[in-house]
Amino acid sequence: MIEEAVSLLLQMAEKVTAAYANGEKMHVNVQRWLSKVDDITKEAQEFLKDEIQATEEPHGSLELLQI
């Protein structure tokens with residue numbers, strides 16, 4: 001899912017860059033969409049990073065030894 005969003009974001013960014021090169025202006029809704037997708041992608045990547053770290057850490061091993 002994240003890969004799809006990033007891919008779509010990159011495709012749109014290329015189109016926007018090409019439009020600017022041709023002297024066209026970007027619609028405000030496109031600017032908002034690009035910004036939202038960028039924010040959501042960053043949040044998702046941070047969430048996944050935290051989840052991976054949480055699954056790699058030993059859970060409660062010290063607590064079990066104290067019983």
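Checking the range 49-62 against the condition returns no match, with no residue being aliphatic (A, V, I, L, M), surrounded by fewer than 10 Cβ atoms within 10 Å (Cβ to Cβ) and at pLDDT 85 or above. Counting only residues that are in contact with a helix residue (DSSP H, G or I) (Cβ under 8 Å, 6 or more places away or on another chain) and among the hydroxyl-bearing types (Ser, Thr, Tyr), the range 1-59 holds 1 of them.
Applying the selection to the range 1-37, what residues are at pLDDT 80 or above and small (Gly, Ala, Ser)? Residues satisfying the conditions are Ser7, Ala13, Ala18, Ala19, Ala21, Gly23, Ser35. Under the condition of being of a type in the set (A, V, I, L, M, F, W, C), surrounded by 10 or more Cβ atoms within 10 Å (Cβ to Cβ) and more than 22 Å from the chain's Cα centre (by Cα), the residues counted in the range 14-25 number 2. Look at the range 32-55: where a residue is in contact (Cβ under 8 Å) with a residue 24 or more places away in the chain and a partner is surrounded by fewer than 10 Cβ atoms within 10 Å (Cβ to Cβ), sitting 6+ places away or on another chain with Cβ atoms under 8 Å, you get Ala44/Met1. Restricting attention to the range 23-35, the residues that are in a helix (DSSP H, G or I) and over 12 Å from Leu8 (Cβ atoms) add up to 6.
The values are calculated or read from the model by the stated rules, or taken from the named source; none is laboratory data. As the structure is a prediction and not an experimental result, all values here were calculated from the model. Positions of Cβ are generated from backbone atoms using ideal geometry, with glycine treated the same way; all protein chains shown enter the neighbour counts.
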